[in-house]
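Beneath this line is the structure, given in structure tokens, with notes to follow.
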């Protein structure tokens with residue numbers, strides 16, 4: 001800061017603390033609600049956590065909320081994990097390969113391949129809902145982990161990120177590897193992928209969040225409850241029409257749905273911030 | 001160990017840009033040949049063609065008598081040291097040196113022995129577990145050399161290996177490379193733009209300009225008998241002085257600015273035609289008087305005292321370019337003095353209009 | 001397009017490497033998108049037995065449909081509010097965090113995690129807080145004299161989804177604003193201070209102009225977010241209600257396809273959405289180019 005003004009500093013901290021509180025507030029109340037009985041919550045929300053934590057979380061994890069037709073949360077959490085891991089790993093794998101092809105080879109239709117990948121940026125699921133659903137249905141991939149993940153793993157962003165990174169890898173390393181007897185695949189495995197580790201990890205964090213937070217896609221391709229993911233499943237509990245939702249259990253579900261990505265983002269904050277800003281470059 | 005033969009080699013880049021029109025060179029077994037020239041002269045291209053990193057448009061390259069034009073770099077039994085070392089940043093020193101051996105399927109125990117041996121030679125034994133970023137510039141340079149020698153290849157290729165080091169380290173590593181190459185007696189091709197490196201390291205030099213071999217010869221050859229004006233100007237520091245001259249009508253001498261006449265019969269074939277006269281600064285000596293016709297008078301303008309030597313910058317009558325003389329440090333001279341100078345016999349070079357050497361006087 | 005000067009030579013390997021990416025792109029992106037375009041010029045009879053080519057009829061009908069136009073307007077209002085609110089709050093917080101250098105990282109940690117919360121989950125959280133019977137926020141508003149009920153009041157419903165969408169997006173904007181501010185050479189503000197500019201003036205004349213590419217970039221990103229990534233918020237909370245007051249375009253295209261079963265109209269809506277994304281992406285890339293020059 002250019003000059004010292006104690007009053008300003010105090011104001012700044014106040015604003016920031018207020019901001020942070022504003023962000024934590026909904027989560028805190030959700031947590032409080034998730035530790036009381038349904039009756040207590042509906043009478044007016046207490047300000048401090050209650051003693052129903054184990055009971056409530058135990059109920060949702062093992063039984064789900066039967067009245068709302070949602071499966072046990074344990075299963076939905078598992079589905080979410082499978083889906084987001086498959087999406088993150090799948091996107092990274094196929095994008096690494098395509099970036100490698102585009103950067104390190106010269107071949108007919110290279111530019112066409114590049115633009116084909118680029119176009120996916122402009123076609124999010126949201127704009128081609130019905131026909132994509134029909135393709136997945138036609139391939140018999142409804143209600144399957146493959147259907148939940150494979151259609152989402154094409155990635156222009158990841159491809160571009162790796163392409164950009166590969167361009168910064170010195171050519172002399174490639175020369176040295178060739179003299180050391182490494183062909184393209186060996187070079188890719190022994191040199192390029194290990195060098196991409198940081199980018200890879202940063203991207204993994206972002207793509208994991210992307211996969212975990214998918215909503216519309218699982219909604220389209222799953223009708224069988226045993227394939228529900230937690231983020232789309234929660235809607236089944238909250239949106240029960242005219243009735244009041246079972247708030248204490250819905251909030252326990254919400255907490256469980258947001259906990260894994262929040263833990264990932266906070267434990268890998270540096271990688272996440274780096275990745276996010278790189279991806280948008 | 002093997003000789004290298006470069007036979008009428010040509011390189012054309014798409015464009016088309018002809019980088020090397022036609023170049024031939026034989027390098028004897030165990031010889032260290034330096035490719036030297038200004039940047040963009042094609043020396044790196046030539047080296048990379050020998051390495052197999054660049055396709056050969058025409059001609060043939062043989063290593064140990066075997067045609068290698070269509071062989072992959074790894075199949076040519078060569079090793080290369082790069083300008084930026086090109087060490088694999090994620091591998092330890094040991095792994096950097098072992099990588100090429102592993103790719104060749106050398107047994108583990110043998111790799112261990114070879115790497116240990118190379119590390120011992122280069123003083124890297126204590127650093128084998130380190131990553132490149134934990135090493136100093138000189139150490140990285142040694143690892144790059146280690147990676148080259150560990151395979152005991154037939155040929156070493158050096159692509160400006162010292163240009164990333166500071167001056168002190170550079171001269172130190174220069175000596176080490178020379179010593180190592182003598183010890184291993186491996187045929188070597190060494191690219192540099194630094195003439196000091198070229199002179200001190202090379203058994204022979206190939207001086208390149210615009211993709212053409214200007215001269216091939218020992219360091220003494222190219223210094224004392226430059227074949228072209230380009231070579232004369234490129235080798236030596238400070239640079240050779242060039243004076244415009246005209247061969248006398250009777251062919252018995254060359255007229256120079258300021259009325260100086262260089263008596264020689266070597267330019268007889270060019271009677272009446274312009275020539276360029278070259279004299280190295282270190283070959284100009286103080287003369288007794290300024291009256292002889294083979295003595296030039298320098299109007300001194302600037303004196304640079306180096307200690308052992310003194311560089312005197314000045315001008316001749318009738319000639320605009322600065323002339324430099326390297327004189328003994330004991331000489332007392334001040335800016336503005338008129339200094340009579342004469343050239344040592346046998347050190348004056350004559351170049352014709354095509355810039356080829358006519359003779360040395 | 002640039003490549004390496006050093007490349008490998010191989011006849012079929014590059015195609016093999018590209019195959020998975022291109023296959024998925026073709027099957028799940030290009031084919032469905034072309035189908036959307038194809039359906040958008042067809043019309044089915046009410047029993048779904050025959051289809052006929054109708055040219056731009058679907059589009060004409062759509063643009064004459066007050067419900068669609070209303071949905072368009074709803075989406076624009078929603079996007080502007082989300083972008084404005086989340087960027088405004090994020091900018092204020094970023095400026096404050098940038099000035100308390102030592103604790104900036106701590107505040108960053110406290111502020112970034114809502115980005116990890118899925119839009120739908122964020123929606124449910126705020127849905128709970130504003131629940132007219134049990135919600136704390138609704139209760140507080142009641143005390144202030146506003147009878148909040150997003151089940152019957154369209155404005156309240158819109159406010160709910162705007163708050164939920166913006167809450168999550170502040171984190172993202174904050175990160176970019178903070179990065180932008182921290183990338184600015186400190187010597188610039190110092191020079192301005194020596195020239196006698198106070199903190200506010202320094203911000204308005206030095207930092208904000210230098211930040212303007214970031215502002216523009218975030219504006220596009222936020223509009224894309226509000227247009228296309230907020231389906232979950234609407235679907236999990238208001239379900240478009242009350243009435244059609246919170247039917248954003250993406251929600252409408254889904255509802256028309258899966259609940260209304262109106263194939264031609266839904267396809268035409270898809271095509272319009274594609275045009276919007278293409279336009280926004282183009283703008284985004286233009287600004288990126290400018291940002292790079294910077």
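Since every read-out is calculated from the coordinates, none of them should be taken as a lab result. Computed from a prediction, not measured in an experiment: that's the story for all the values here. As a convention, Cβ positions derive from the backbone with ideal geometry for all residues, glycine included, and neighbour counts pool all protein chains shown.
For peptide A:107-119, what's the mean number of Cβ atoms from other chains within 10 Å of each residue's Cβ?
Partner Cβ neighbours, averaged per residue: 4.
Taking the highest mean first, how do the peptides B:302-313, C:244-255 order by number of other beta carbon atoms within 10 angstrom per residue?
Ranked by mean Cβ neighbours within 10 Å, highest first: C:244-255, B:302-313.
Along the three principal axes, how long is the range B:238-360 when you take its alpha carbons, biggest first, rounded to the nearest angstrom?
Each principal axis gives a Cα extent; for the range B:238-360 these are 43, 27, 24 Å.
What does the average come to when, for each residue of peptide C:129-138, you count the partner chain Cβ atoms lying within 10 Å of its Cβ?
Per-residue shielding by partner chains comes out at 4.
Just the number, please: Stokes-Einstein D of chain B in µm²/s, Kirkwood Rh from C-alpha pairs, 37 °C, 0.692 mPa s.
143 µm²/s
Cα axis of helix B:93-103 to longest principal axis of chain B: angle in degrees, 0 to 90, nearest 10?
70 degrees
Counting only helical runs of four or more DSSP H residues, what would the 222 nm mean residue ellipticity of chain A come to if each run contributes -39,500 (n - 2.57) and the total is spread over all its residues?
-21000 deg cm²/dmol, from helical runs alone.
Output the 0 to 90 degree angle, nearest 10, between the alpha-carbon long axis of helix A:110-119 and the longest principal axis computed from the alpha carbons of chain A.
10 degrees
Of the beta bridges DSSP finds with both residues in chain B, what % are antiparallel, to the nearest 5?
75 percent
Normalise the Cα radius of gyration of the range C:58-293 by 2.2 N^0.38 Å (N = residues in it) and let me know the number.
Normalised Rg, Cα atoms only: 1.17.
For chain B, what is the calculated [θ] at 222 nm in deg cm²/dmol (nearest 500), taking -39500 (n - 2.57) for each run of four or more DSSP H residues and dividing by its residue count?
So the calculated ellipticity at 222 nm is -7000 deg cm²/dmol.
In Å, what Rg and Dmax follow from the Cα atoms of the range C:13-53?
15.9, 50
Take every Cα-Cα pair in the range B:8-133 and report what % of them are more than 24 Å apart.
43 percent
What number, in nm² with one decimal, is the all-direction average of the projected area of the convex hull of the alpha-carbon atoms of the protein assembly as shown?
The orientation-averaged projected area of the Cα hull of the protein assembly as shown comes to 53.9 nm².
Only bridges with both residues in the protein assembly as shown count here: give the DSSP antiparallel percent, nearest 5.
75 percent
So if I restrict to the alpha-carbon atoms in the range A:34-279, what is the Rg, and what is Dmax, the biggest pairwise distance, in Å?
Calculated on Cα positions, Rg and Dmax stand at 22.2, 76 Å.
Against the longest principal axis of chain B, how steep is helix B:108-122, in degrees 0 to 90 to the nearest 10, with axes from Cα atoms?
30 degrees
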